[in-house]
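Reviewing the structure listed below.
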Amino acid sequence: MLPAVSTSSQTFAAILDDLVRATDLDPAAAAAPTMPPPPASSPKGTSLSPSEPEGDNEVPLDQPRARTNGGAGGVLVQRAAPPRLRGKGDLTLVIGLGGDAGEAAAILAASADADVLAVADRREALAARAEGVRRECPIVGVVELARVDAVPELAASLAAIEPDQVWVAVDVSRKLDDTAVWVRAVDAVLAVDGMAAHGAAHTATPWAVGALGLPLLWLDAPPGPPTTVATNWLDAPPGDAPPRSAY
């Protein structure tokens, strides 16, 4: 039989120290709570819960509605148009069919105290940035497309421009299928930040452009809210009031 050890004796203290060393137990560490890993951030443009908007450019709809276009389920978010860039030499690129690009660029530039320059490739982009620094203002570059299928042949030049922000200028009175061809081609090359739209007064379905899934800014008088089931409402404003002008 082992002899009894008094808890007040030095022998007991030595045994206790040996046990602590044997189990490699850090009392301070044991008392510290285990923090759960931080949640993974949602990728830009995905469905978010109503209480967790991802950022300034994505605001959940007041009353989430189920998708009606055959897409995956979830809460749809209305993505507000990004703010205009105002730094010296910042380069915003506006791409559109024909004169649509220039008209949209002029309006966007006026709202940011920027100058408008034609920018077709990397050389012109670098020159435009330098000019912006010299003038102490941001630059809005313009690329006018001659055809709806013109983007693939311009892809290398567009990618080399490396703009800080990209807008597509869209006339909503044009056929949506035609608009989708070049807008999605641009998005694949440069990742479009916003869609500058006009022409709502010339079509009965101005909100159909929401099917493109891009942040939307109206350059002229905005349309009223969608009123029919057939109207695509992805970028329609919540409530009864439509978004206001671009200015």
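Select from the range 81-94 the residues that are among the hydrophobic types (A, V, I, L, M, F, W, C) and in contact with a Gly (Cβ under 9 Å, 6 or more places away or on another chain) and list them in ascending order.
If we filter the range 81-94 for residues that are among the hydrophobic types (A, V, I, L, M, F, W, C), which is where we start, we get 81, 85, 91, 93-94.
Within the range 81-94, A81, L91, L93, V94 meet the criteria.
Looking only at the range 130-147, how many residues end up being more than 23 Å from the chain's Cα centre (by Cα) and farther than 15 Å from L190 by Cβ?
In the first step, residues of the range 130-147 are kept if they are more than 23 Å from the chain's Cα centre (by Cα); the result is 130-137, 144-147.
When the remaining residues are screened for being farther than 15 Å from L190 by Cβ, the result is 130-137, 144, 146-147.
Count: 11.
Looking only at the range 74-99, which residues are free of Cβ contacts under 8 Å to residues at least 60 places away in the same chain and either in contact with a His (Cβ under 9 Å, 6 or more places away or on another chain) or open to solvent by less than 20 Å² (accessible area, probe 1.4 Å) (or both)?
V77, G89
Which ones in the range 185-223 are surrounded by fewer than 16 Cβ atoms within 10 Å (Cβ to Cβ) and either under 15 Å from the mean Cα position of the chain (by Cα) or closer than 19 Å to A155 by Cβ (or both)?
A188, A191
Name the one entry in G141, G102 that is open to solvent by less than 60 Å² (accessible area, probe 1.4 Å) and either free of Cβ contacts under 8 Å to residues at least 24 places away in the same chain or assigned to a strand (DSSP E or B) (or both). Walk me through it before giving the result.
Working: G102 fails: either free of Cβ contacts under 8 Å to residues at least 24 places away in the same chain or assigned to a strand (DSSP E or B) (or both).
Every option except G141 fails the conditions.
Could you tell me whether A160 is open to solvent by 10 Å² or more (accessible area, probe 1.4 Å), modelled with pLDDT under 95 and within 23 Å of the chain's Cα centre (by Cα)? Talk me through it step by step, then tell me what you get.
Working: open to solvent by 10 Å² or more (accessible area, probe 1.4 Å): yes; modelled with pLDDT under 95: no; within 23 Å of the chain's Cα centre (by Cα): yes.
Criteria not met by A160.
Select from the range 105-129 the residues that are more than 13 Å from I161 (Cα to Cα), touching a residue at least 40 places away in the same chain (Cβ under 8 Å), open to solvent by 20 Å² or more (accessible area, probe 1.4 Å) and not small (G, A, S) and list them in ascending order.
I107, the sole residue that qualifies.
Collect the residues in the range 146-186 that are out of contact with any Gly (no Cβ under 9 Å at 6 or more places or on another chain), within 25 Å of P206 (Cβ to Cβ), touching a residue at least 24 places away in the same chain (Cβ under 8 Å) and not in a loop (DSSP other than H, G, I, E, B), keeping them in residue-number order.
Listed by number, the residues that qualify are V151, L176, D178, T179, A180, V181, V183, R184, A185, V186.
The values are calculated or read from the model by the stated rules, or taken from the named source; none is laboratory data. Predicted, not measured: the structure shown is a model, and the values here were computed from it. We place every Cβ from the backbone using ideal geometry, glycine too, and count neighbours over all the protein chains shown. Calculation scope for accessible area: heavy atoms of the full protein, side chains included, ligands and nucleic acids excluded. Shrake-Rupley method; radii C 1.70, N 1.55, O 1.52, S 1.80 Å.
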